[in-house]
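In what follows, a single structure is set out as structure tokens and then discussed.
The values are calculated or read from the model by the stated rules, or taken from the named source; none is laboratory data. Predicted model only: the values in this text are computed from it and were never measured. Here Cβ is always computed from backbone atoms with ideal geometry, including for glycine, and neighbour counts include all displayed protein chains.
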Amino acid sequence: MNPKTIKASAAGTWELGDLTVNRLGFGAMRLTGSAAFHLGTPSNREQSIGVLRRAIELGVNHIDTAAFYFSSLRSANELINRALAPYPEDLVIATKVGPRRDASGEWTAPARPDELRGQVEENLRQLGRDHLDLVNLRLMGQESLAEHFGALSELREAGLVRHLGISGVKAVHLAEAQAIAPVVCVQNRYGLDTPSADTDDVLRICGERGIAFVPFFALAGQGREQGAGATRSGGSAADELLAVAHAHGVTAAQVRLAWTLHQGSHVLAIPGTGNPDHLTENVAAGALRLSPDEIARLDSHHTGAE
């Protein structure tokens, strides 16, 4: 199969509430620069717009973004609006609220519950929409999310938001949120070499309750920018990853994505890039099927990397 012709639907689909999405989506953060947001060089503007349009051509219908994804030169939401409006009917745009940055890009205190409406409205303005498909509340160290999630629940009832999710949470937060309003997804940091007993527990609970689990930084292994695909645990873990990649004739990053998707039918992937070739590779990873033995070998490094 020609990797350039593989569509996002090859990864299968999942229901975010009443919205059907392909399990292989797109994260918009890297369009604005590095993972540190205000550092690094963002992709060329026209190239970023081209990547977004190509993602749609490849069947991506789930894009993750946020108003705080911006650099001195780029705003992810503005790029999405410029590239894709008027939006395809099946496109689901998920955004996040809670964290705040000032105009210089520095992080400030997280938004109070009464400030979340303003953040939602800013996303609406930037994206040029009258409602948001999905809003994730990103926790920033709070012990409880009740007040913040309650505020978002009111915005959902008012019609500004269609569905709600939570991010950066433990199982106790999920239970707390579900007691307030329906939760359609959980976004946590998760990857082959970033194990966490708390996150593994959340992933399992999400599967049991039919909630999407959406990992971020799933490709953030040591050496990824150099194409090594090494893992934090180094040595044999890196060798294992590269051996599996070689056996399939793919990249280590594609194996990472495939492994992530193999963690459950409720797991969605949102790899981000400003490079059109990397976009094609990421989408093609949705068609990569690892053997039970390969999964077990990679699993052993995930559980042993802490």
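I'd like the residue in the range 73-101 that is in contact with a His (Cβ under 9 Å, 6 or more places away or on another chain) and part of a loop (DSSP other than H, G, I, E, B) and, out of all such residues, is farthest from residue 58 (Cα to Cα).
Step one: list which residues in the range 73-101 are in contact with a His (Cβ under 9 Å, 6 or more places away or on another chain), which gives 91-94, 97-98, 101.
Cutting the leftovers down to part of a loop (DSSP other than H, G, I, E, B) gives us 91, 98.
Details: 91: 12, 98: 31 Å.
By that ranking, first place goes to 98.
Quick one: is residue 104 in a loop (DSSP other than H, G, I, E, B), touching a residue at least 60 places away in the same chain (Cβ under 8 Å), polar (S, T, N, Q) and surrounded by fewer than 15 Cβ atoms within 10 Å (Cβ to Cβ)? Please lay out each step first, then the result.
Values: in a loop (DSSP other than H, G, I, E, B): yes; touching a residue at least 60 places away in the same chain (Cβ under 8 Å): yes; polar (S, T, N, Q): yes; surrounded by fewer than 15 Cβ atoms within 10 Å (Cβ to Cβ): yes.
The answer is yes for residue 104.
Residue under question is residue 89, and the condition is that it be over 23 Å from residue 212 (Cα atoms) and of a type in the set (Asp, Glu); does it hold?
Values: over 23 Å from residue 212 (Cα atoms): no; of a type in the set (Asp, Glu): yes.
Taking the combined requirement at face value, the residue does not satisfy it.
Could you look through the range 107-148, keep only residues that are farther than 21 Å from residue 75 by Cα and under 20 Å from the mean Cα position of the chain (by Cα), and pick out the one that is surrounded by the most Cβ atoms within 10 Å (Cβ to Cβ)?
By that ranking, first place goes to 139.
With at pLDDT 95 or above and of a type in the set (Gly, Ala, Ser) as the only criterion, which of 168, 235 stands out?
Details: 235 fails: at pLDDT 95 or above.
None of the other options fit; the residue is 168.
Name the single residue, out of those in the range 197-219 being crowded, with 16+ Cβ neighbours inside 10 Å and in a loop (DSSP other than H, G, I, E, B), that is modelled with the highest pLDDT.
Per the stated criteria, the residue is 211.
Quick grid of which residues meet (1) touching a residue at least 24 places away in the same chain (Cβ under 8 Å); (2) of a type outside the set (D, E, K, R); (3) closer than 21 Å to residue 29 by Cα:
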| position | (1), (2), (3) |
| --- | --- |
| 74 | yes, no, yes |
| 113 | yes, yes, no |
| 125 | no, no, yes |
| 128 | yes, yes, yes |
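Would you list the strands (runs of 3 or more DSSP E) that sit entirely within the range 129-189 and hold 3 or more residues that are small (Gly, Ala, Ser) and closer than 20 Å to residue 209 by Cα? Spell out the reasoning first.
On the way: elements: 132-138, 161-167, 185-189.
Result: empty, no element qualifies.
Please go through (1) assigned to a helix (DSSP H, G or I); (2) under 21 Å from residue 206 (Cα atoms); (3) without any contact (Cβ under 8 Å) to a residue 12 or more places away in the chain for residue 118 and return the number of the only condition it doesn't satisfy.
Only one criterion in (1) assigned to a helix (DSSP H, G or I); (2) under 21 Å from residue 206 (Cα atoms); (3) without any contact (Cβ under 8 Å) to a residue 12 or more places away in the chain is unmet by residue 118, namely (2).
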